[in-house]
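See below for the structure under consideration.
Each reported figure results from applying straightforward, stated rules to the coordinates on display, with no laboratory input. Values in this document were obtained by computation on a predicted structure and should not be read as measured data. Virtual Cβ from ideal backbone geometry, glycine too; neighbours counted across all protein chains shown.
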Amino acid sequence: PSLHATSPFTKLRLAQDKRRTMLVGATLYYAFAVGPIVLRLLEWFPANDSALLTPVLVAFGVASGAGGLAVVSSNSMMADVADEHELETGRRQEGIFFGALSFASKGAAGLGTLIGGLALDVIQFPIGAAPGGVDAATVFNLGAVYGPMLGVFVVFTVYCLMHYRLTEGRHAEIMAALAARPEETATGVQLS
């Protein structure tokens, strides 16, 4: 679904700066990924036996693919940070930056798994339960925990992004300054 959902958002990415694109992508992902759960908790979502359930779920699923904007923008933003770092230090170290990004992703996935497991313990979700065999109160509690918990991570993401100051214009200046520098070999010997 992400490929199909991201395609209509290509113009948005081209028209906006990377930070804004990432903010929009993360917010849309949250809204459409958690939307069905929150709407069901509020009893504003089609019932399980409704003919509308499948098309509405598919629409929400495809729309949540807008989160792909955030993923693509985060990698592009990291490359821009590596360029800025090179301008400031004279060293090209994008491998370190992307390694840190990869490590942070794995750490976030691990932390999310830990928190999810703890949440399942707190709401006393039954181990090995058959589909449809969990009582309604436990299912409600699962949704009530999932929506706000994911929201905390999205708010943290938005908070961090508010401190990202590298604009498209500033990046163009950085690239021009890097292009104006004389080339050096890996040993630091100038070529020109």
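Quick look at the values:
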| read-out | value |
| --- | --- |
| Placed amide H near R92: partners under 5 Å, 5+ positions off or other chain | none |
| ³J(HN,Hα) computed for each position of the range 98-114 - Karplus, 6.51 cos²θ - 1.76 cosθ + 1.60, integer Hz, glycine/proline x | 6, x, 5, 5, 5, 4, 4, 4, 5, x, 5, 5, x, 5, x, 5, 4 |
| Backbone HN-Hα couplings from phi across the range 118-123 [Karplus 6.51/-1.76/1.60, Hz, Gly and Pro as x] | 5, 5, 4, 5, 4, 7 |
| Kirkwood Rh, angstrom, the range 2-173 [1 / mean 1/r, Cα pairs] | 18.5 |
| Cβ-placed point charges (K, R +1; D, E -1), dipole of the chain about Cα centre in debye, nearest 20 | 200 |
